[in-house]
1. Please give the net charge around Glu115, taking every other residue with its beta carbon less than 13 angstrom from that of Glu115, where Lys and Arg add +1 and Asp and Glu add -1.
2. Under 12 Å from the Cβ of Arg56, count the other residues' Cβ atoms, weight Lys and Arg +1, Asp and Glu -1, and hand me the total.
3. Could you sort 132-140, 13-21 so that the peptide with the highest average Cβ count within 10 Å comes first and the rest follow in order?
4. Could you list Arg120, Arg113 so that the one with the fewest beta carbons within 10 Å of its beta carbon is first and the one with the most is last?
Amino acid sequence: MDSATAQAHLAVWLAADLAVSNMQTYSYGNRTLSSADSAEIRTNIQYWEGRLAALRHREAGVKSPRATLPGFCHWPMIDAFDEKYFDQLTAETRVTKHRANHAYYVWEKRRARNEALDVRILAHVALRILREHFRAMLRTVIHRRPLHGLRDRSSPP
């Protein structure tokens, strides 16, 4: 398959998403999609976006495209990450609901246990918060200025 074919597949699913988000149905071939098929449409859009990116990387001569694809996470190949861990990571799914002709999203549990997902989200939030504080600390060290509220211990009080 080439990138033009993948682009055509992606265009079909994007058109379906647009039609369904406007409370219309979308037909292609012998299938008709409606708002009940929103999850399938979203899954196919993500799949074809990833496939298209991989094909473009391959055509450009990049050897390892998977490391740069949007929407992918990577884990080392160790025993700590077993099937139960990944089941917990995928315990919730985003569902599109409609009220008064407006679409909104909710997260619905597909499995009872989702601790791995919660911990991963909390770790991501902590990293983003710490990244901002780290930048401030780095600026302080570079410019030798004390952080707000802390006194410089090298000078007398």
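1. +2
2. Every neighbour counted, the sum reads -1.
3. Output ranking for 132-140, 13-21: 13-21, 132-140.
4. With the sparsest Cβ surroundings first, the list reads Arg113, Arg120.
Read-outs: derived from the displayed coordinates by stated rules, not from any lab. Computed from a prediction, not measured in an experiment: that's the story for all the values here. When we count neighbours, we look across all protein chains shown, and the Cβ atoms used for this are built from the backbone with ideal geometry, even at glycine.
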